[in-house]
Amino acid sequence: PKLDLALVKIEAGDNMPMAGLGDSTQLKVGEWVMAIGNPFGLEQTVTVGIVSAKGRVIGAGPYDNFIQTDASINPGNSGGPLFNMRGEVVGINTAIVAGGQGIGFAIPVNMAKEIIPQLREAGHVTRGWLGVTIQPLNDELAASFGLDKARGALVTDVVKDSPADRAGFKRGDIVIGYDGQDIDEMNDLPRLVAVTPVGKSVKVKVFREDNEREIEVEIGQLDDKQAASPHLGADKAEEVLGLHVTELSRELAERYDLEKGQGVVITRVVPDGAAAAANLRPGDLLLEINGVQTDSVAGFQSQAAKAVSGQVLRLLVQRRQTLFYTTLTIK
């Protein structure tokens, strides 16, 4: 469910023709692609376009890594293949932006390749677990830690008795490398951890107190209880509240005509999510949740993690120079 993928067994009685799976990591922005599906019930419809972007995070789940394309994708295309010009499947069409045109999303086929053997052999997916709450960095936050630029994933909390805790991770560590791969942005880390075999020891490069150091950690197994905890705070907040927030920088304050002070600024609202239903917008400053001040991203994530389905939250919001209360119902 976290990837919106299922494996279907078909007993056809004889061999069937099948499309070959390509390598989605080799896709380049601007490359031509072709989608096949049944939009609005119109069977075997073919549309073409280009790869508009890679690695898109749209709030669909904690492991978002979508291919964005302007090949027409509509209701009924979901589950259909996205082909490159060599006739190889490079994606599985899965989502659209409501009310948008030329903006569709596909799951990279390499993500499907990673879980197909597990689904076929065990019927479920086993994921790795590190045990940290993380947030992205902006330029000002990176500079305050002495980092050269905004990169990596900032650790805002370490789950007690987790693999990260046992390995010596600390709040304020910035993860900039994982198992030999650079962590350019926050969302790279959960995806890499998830596909790491349970029990494997990996070297994690962190930036701490103006120095880079390596920490070796044995990856644990993510279970339902851990998945429900705020071990990936930003993703949890997006999933539950349908929005993404960041610290209020000087640039964001100027862009949205806000006074630099307390609160966290909403940078993205997930279409059809709880925040969208509450008429929240990018640029709104979130000051309180149920009377508790949201002075930081970590504080916001802590409040979001406590929310349960059906709960109604009272939010204090500043939109430009206007303060107002609104309610948000957890779906």
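The values are calculated or read from the model by the stated rules, or taken from the named source; none is laboratory data. Keep in mind that this is a model prediction, so the values were computed, not measured. Cβ coordinates were reconstructed from backbone atoms using ideal geometry, including for glycine residues, and neighbour counts include every protein chain displayed. Surface accessibility is based on the protein's heavy atoms, side chains included, excluding ligands, DNA and RNA. Shrake-Rupley method; radii C 1.70, N 1.55, O 1.52, S 1.80 Å.
What the Cα convex hull of the chain gives, in volume per residue, is 156 Å³.
Sorting ARG191, ARG213 on solvent-accessible area from highest to lowest, probe radius 1.4 Å, gives ARG213, ARG191.
Computed from the C-beta positions of VAL312 and ARG191, the FRET efficiency with R₀ = 35 Å rounds to 0.60.
In a fully extended conformation the segment linking ASP184 and PHE145 would gain 12.4 nm over its present Cα-Cα distance, using 0.36 nm per residue. Our helix-only sum for the chain, with -39,500 (n - 2.57) per DSSP H run of n ≥ 4 divided by its residues, gives a mean residue ellipticity at 222 nm of -5000 deg cm²/dmol.
With 32 Å as the limit, the listed pairs LYS200/LYS331; LYS9/LYS54; LYS2/LYS170; LYS9/LYS306; LYS149/LYS331; LYS28/LYS205 have LYS200/LYS331; LYS9/LYS306; LYS149/LYS331 beyond it between alpha carbons. Heavy-atom accessible area with a 1.4 Å probe sorts ILE96, ILE330, largest first, into ILE96, ILE330.
With bins 10 Å wide beginning at 0, the percent of Cα pairs of segment 19-154 falling in each bin runs 11, 35, 29, 19, 6, 0.
Summarising the amide proton neighbourhood of GLN221: residues at separation of 5 or more, or on other chains, whose placed amide H is nearer than 5 Å comprise TRP129.
Under a 10 Å cutoff between Cα atoms, tell me which one of GLY41, GLY299, GLY55 has the largest fluctuation in the Gaussian network model of the chain. Of the options given, GLY41 has the highest mean-square fluctuation.
Of the peptides 268-275, 44-51, the ranking by mean beta-carbon count within 10 Å, highest at the top, reads 268-275, 44-51. Charge dipole (Cα centre; +1 on Lys/Arg Cβ, -1 on Asp/Glu Cβ; no other charges) of segment 270-331 amounts to roughly 100 debye. Sorted on the mean count of surrounding Cβ atoms within 10 Å across their residues, most packed first, peptides 81-94, 127-140 read 127-140, 81-94.
The residues ASP4, ASP284, sorted by heavy-atom accessible surface at 1.4 Å with ligands and nucleic acids left out, run ASP4, ASP284 from largest to smallest. Segment 103-157: percent of C-alpha pairs farther apart than 16 Å? In whole percent, the share of Cα-Cα pairs in segment 103-157 beyond 16 Å is 65. Around the amide H of VAL245, modelled in the peptide plane, lie the amide H atoms of THR267, all under 5 Å away and 5 or more residues distant in sequence or on another chain.
For the chain, the solvent-accessible area of protein heavy atoms averages 51 Å² per residue (probe radius 1.4 Å; ligands and nucleic acids excluded).
For segment 146-202, the share of accessible area belonging to carbon and sulfur comes to 41 percent (1.4 Å probe, ligands and nucleic acids excluded).
Legend: calculated FRET efficiency, ARG250 to PHE324, from the Cβ-Cβ distance at R0 = 22 Å, rounded to 0.05, equals 0.35.
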